[in-house]
Structures are given as C-alpha cells and as structure tokens.
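Read-outs: derived from the displayed coordinates by stated rules, not from any lab. Bear in mind the structure is a predicted one, so any value in this text is a computation, not a measurement. Positions of Cβ are generated from backbone atoms using ideal geometry, with glycine treated the same way; all protein chains shown enter the neighbour counts.
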Amino acid sequence: MDPSTKRRPSDDTHNRRTKKYEEEAIVLDILPPNSINRHDKYRNKTLVQAVGTKWFTLLELIIKSDSTVMLQDRLALDKEHRKEVETIIGRIHYDKLTSLATQQLELAVTKIVEEREREFVDWVNKATPVSIRLHSLQLVKGIGKKSRESILQQRKIKPFESFEDIEQRTEVKDIKSLIVKRIIEEISNPEEKHRLFTRDEKKDHYPKTFTKHRGSRRKYPRKY
C-alpha cells in the first residue's frame, strides 16, 4: 500500500471529535412490545420515539425490559449514563412520527427552548445576514423588516438579556413561540436550506430508520 494513502492517527481523532450525537432526549411516544402495527426487528421490545435536546434530532430508541418510561421523560443517551435506553436505533423522519409523537413534539421543543433561553437570546444578539437581501432573523416567521430593524438597533445599544427583554424593547411579540415554530419547521422539512437551530440529517452520523414491513428485503439499520 502506498504510504501516502494510509490514514493518519490524527484523521481518526478528528472524525471522532466531529461526530456530534445527542446526549439526552425527551420521550414523545411509547410503542409497547408486539403491537399490532409493529413489524420492526425489535417488535418484541418497547420502542420509543424521542427528540434530542441539543440538535432536536428525532430518534427511535429501544427501552430496557426492566425500565419504565413516561411521555416527556428525559432519557440519557450517552453510553456512560444510559439507564433506561438499551439501543439507539437511529434517526427517524418527521413524517414517520406517530400522531401522538407529533402532538407531543411542540411541548417538548417548548420545554427545551425555555431551558436554553440564554442560548437563543444570544442567537438573537449575534444573528447575521444570510444574503444581501435576507437576514437570518427574518427566517423566523413573525419577524419582518420592521421587527428586524428594531432588533438590530436595540442590540447595538445593549445586548438582549432575556425573551422578555426582547419583547419589551422591540416590535417582536412572543419570541419564544416564534422560535419554537421555526425549530419545528426545520425538523419537519428535510429540504430546508437555512438551518438556524437544527442539524442537517445529511451531516449527522445516525443511521436512518424505517418501518420494516413484512416481505421487505431491506436490512434494518445498525444499532448505535
């Protein structure tokens, strides 16, 4: 083998560092073992649909047989701290969520935004244009040109400190709800070009899951 083609140790280190997985997820729905609509490889185990608390990744998880989980519970995903999770099957598309999981998603995302308020306020303070004609602030529906200008003017005077501060000093109303809606838009649209708060599924490292139907020859994705 040509020495120049050998992978350097630093390459492996770089790859490990650039792989970013969710460390925690919130339960959106619980599918019990042997449900009539379960045809997946793990149908004899409890399956959970969940959303990650960092990148809002939609995931399917297998729960340990001796564990009990409830809707909106938080589950540790990193291998060192997992208690309830047996296996992370992989990413699931928004259109594969159950009706209950879809209903629970907005509640979960709202909780995450509330807990990470400081991060989202910092984003408002630092948001930049995405093109000559479009500012990233305007990608959040509800923030128009007038609201954008009031934000830009006020943050020059003093950086915003909270959602309430933004609402009191600008034309924007209920900024938390606007951010939640933007996040759900990004989650539900895999073709979204501008991702403000989520990761492009093409750039993450989770295997993609699918519902395995009888007669399918497709192999189930590797577990993580």
Skipping prolines and chain starts, which residues have an amide H placed within reach, meaning under 5 Å, of the one on Asp29, given they are 5 or more residues away or on another chain? Gln49
Can you give me the relative contact order of segment 116-194 as a percent, contacts being Cα pairs under 8 Å and 6 or more apart? 27
Kirkwood radius from Cα pairs of segment 116-194 plugged into Stokes-Einstein at 25 °C, 0.890 mPa s, gives D in µm²/s equal to 191
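Subtract the Cα-Cα distance of Gln168 and Arg43 from 0.36 nm times their separation in residues, and report this length gain in nm to one decimal.
39.9 nm
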Could you check the spin-label model distance between Lys126 and Glu106? Points 7 Å from the Cα along Cα→Cβ, value in nm. 3.0
Using every Cα-Cα pair within segment 155-196, state what percent have a distance larger than 17 Å. 45
Can you give the extra length, in nm with one decimal, that the chain gains between Arg74 and Glu24 once fully stretched, where that is 0.36 nm per residue apart less the Cα-Cα distance? 17.3 nm
Sticking with the crude label model, points 7 Å out along Cα→Cβ, report the distance from Lys193 to Glu119 in nm, one decimal please. 2.6
If I model a spin label at Lys158 and Thr98 as a point 7 Å from the Cα along the Cα→Cβ vector, what separation in nanometres do I get? 4.9
Flagged links, alpha-carbon separation over 25 Å, of Lys126/Lys181; Lys41/Lys83; Lys45/Lys181; Lys20/Lys83; Lys146/Lys176: Lys45/Lys181
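How high is the relative contact order of segment 28-164? Use alpha-carbon pairs under 8 Å, at least six apart in sequence, and give a whole percent. Provide the component values of the computation, followed by the final result.
Details: 156 pairs, mean separation 24.9, N = 137.
With pairs under 8 Å counted, the relative contact order is 18 percent.
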